[in-house]
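Working notes, structure below.
The values are calculated or read from the model by the stated rules, or taken from the named source; none is laboratory data. Quick caveat, the model's predicted, so the values are computed rather than measured. Cβ placement follows ideal geometry from the backbone for every residue including glycine, while neighbour counts extend to all protein chains displayed.
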């Protein structure tokens, strides 16, 4: 049987490859972005509680109302914005489903979508599955700064969507207020342009910076889908629960896709998150928690030959390795995994053209002892 692939250029992801190599060589995995420490005992007790209370059947398609109300309270408390839990918030199967469903309800064959690379590997395939055409803007080290005038020249009458990721994985860059104000200007010149904003790491911002959500900016909010992740926030990426916030007209179209994509999301976990969110310290304290881990990792590798780049957000630290080797980043990552016993991700994997800047990415969402063991090994590089 012959089958014509909708994604002929897509193979096994670099995350799967490096994680498999790490497992084969019993290496410390600082590659894939997941914690090696447990999620909250209290949160797990809440999940068990609601399972035993019988909340085990389908949740409402948009999500459990109590959870949507807690999210609305969280948004108001953080950003001073009123969001309608009934018409503007949808609980999703992780931020990934939120992003995929938003792209699905917007993109038709021939529509152009601008993404910033290095980019999370979901964006391009999701656009291409629905016949969209991806146009990439390459952000380069060390500052990964957007030239908004250049971006304007990339626009055409076919440009339907701009996808942003803030805080940005994998660079650790955080958009500032000036960036969002520049992005707003693009909506003034186009009535057919929308924004999908991946804000999975909204709470992981360091050094006194504030998260500049698209929800803060009225003109952006009118035409934006904002995707969020409980998994990234509460150290349980395998639970795959997130949410999408969009104005009522966009949410209506979003839910048309969502209901036939996953329909609804894990019921007892939704009830558990609703109860867990009643205490804001559970998410407001994350910046301090991850600042410690970032700084610990930086202190550990200070004596190494790696040169860390600025990490303003997320739980990823990028490092230059030009003082160590002139080999390609993928080759260095393989060698670090097999010879030293530490897995990292090659930065070029986040660019369509494989742009190599002698940078690799480490995940510091690990136990302190894991980071310390990895650091000792990296000093040998």
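For this structure, a couple of remarks:
- When the residues of the stretch 230-242 are filtered to those that are buried (at least 23 other Cβ atoms within 10 Å of the Cβ) and in contact with a strand residue (DSSP E or B) (Cβ under 8 Å, 6 or more places away or on another chain), the one that is nearest to residue 203 (Cα to Cα) is 230.
- Flag for residue 110 being surrounded by fewer than 16 Cβ atoms within 10 Å (Cβ to Cβ), over 18 Å from residue 224 (Cα atoms) and in contact (Cβ under 8 Å) with a residue 24 or more places away in the chain: yes
- Looking only at the stretch 334-349, and only at residues there that are in a helix (DSSP H, G or I) and touching a strand residue (DSSP E or B) at 6+ places or on another chain (Cβ under 6 Å), the one that is nearest to residue 21 (Cα to Cα): 337
- Here residue 260 fits the description: in a helix (DSSP H, G or I) and surrounded by fewer than 21 Cβ atoms within 10 Å (Cβ to Cβ).
- The residues in the stretch 281-320 that are touching a residue at least 40 places away in the same chain (Cβ under 8 Å), over 12 Å from residue 364 (Cβ atoms) and either in a helix (DSSP H, G or I) or not assigned by TED's automatic domain parsing to the domain that holds residue 368 (or both) can be counted, and the count is 5.
- Subset of the stretch 117-133 that is outside any helix (DSSP H, G or I) and touching a residue at least 40 places away in the same chain (Cβ under 8 Å) - its residue that is surrounded by the fewest Cβ atoms within 10 Å (Cβ to Cβ): 121
- Matching residues in the stretch 229-242 - criterion: being outside any helix (DSSP H, G or I) and out of contact with any helix residue (DSSP H, G or I) (no Cβ under 6 Å at 6 or more places or on another chain): 234, 235, 236
- Checklist (1) assigned by TED's automatic domain parsing to the domain that holds residue 217; (2) in contact (Cβ under 8 Å) with a residue 24 or more places away in the chain; (3) in a helix (DSSP H, G or I); (4) surrounded by 15 or more Cβ atoms within 10 Å (Cβ to Cβ) applied to residue 77, failing item: (4)
- Counted residues, the stretch 139-171 - those being over 26 Å from residue 317 (Cα atoms), in contact (Cβ under 8 Å) with a residue 24 or more places away in the chain and either part of a helix (DSSP H, G or I) or under 17 Å from the mean Cα position of the chain (by Cα) (or both): 3
- Residues located in the stretch 7-35, provided they are touching a strand residue (DSSP E or B) at 6+ places or on another chain (Cβ under 8 Å), assigned to a loop (DSSP other than H, G, I, E, B), more than 11 Å from residue 349 (Cβ to Cβ) and modelled with pLDDT under 95: 32, 33, 34
- Total residues in the stretch 45-63, condition surrounded by fewer than 15 Cβ atoms within 10 Å (Cβ to Cβ) and part of a helix (DSSP H, G or I): 4
- Index of the failed condition, residue 156 passing every other in (1) at negative phi; (2) surrounded by fewer than 20 Cβ atoms within 10 Å (Cβ to Cβ); (3) at pLDDT 95 or above: (3)
- Of the residues making up the stretch 172-192, just one is assigned to a loop (DSSP other than H, G, I, E, B), at pLDDT 95 or above and surrounded by fewer than 20 Cβ atoms within 10 Å (Cβ to Cβ), namely 176.
- Single match in 72, 59 (criterion: free of Cβ contacts under 8 Å to residues at least 24 places away in the same chain, in contact with a strand residue (DSSP E or B) (Cβ under 9 Å, 6 or more places away or on another chain) and assigned by TED's automatic domain parsing to the domain that holds residue 255): 72
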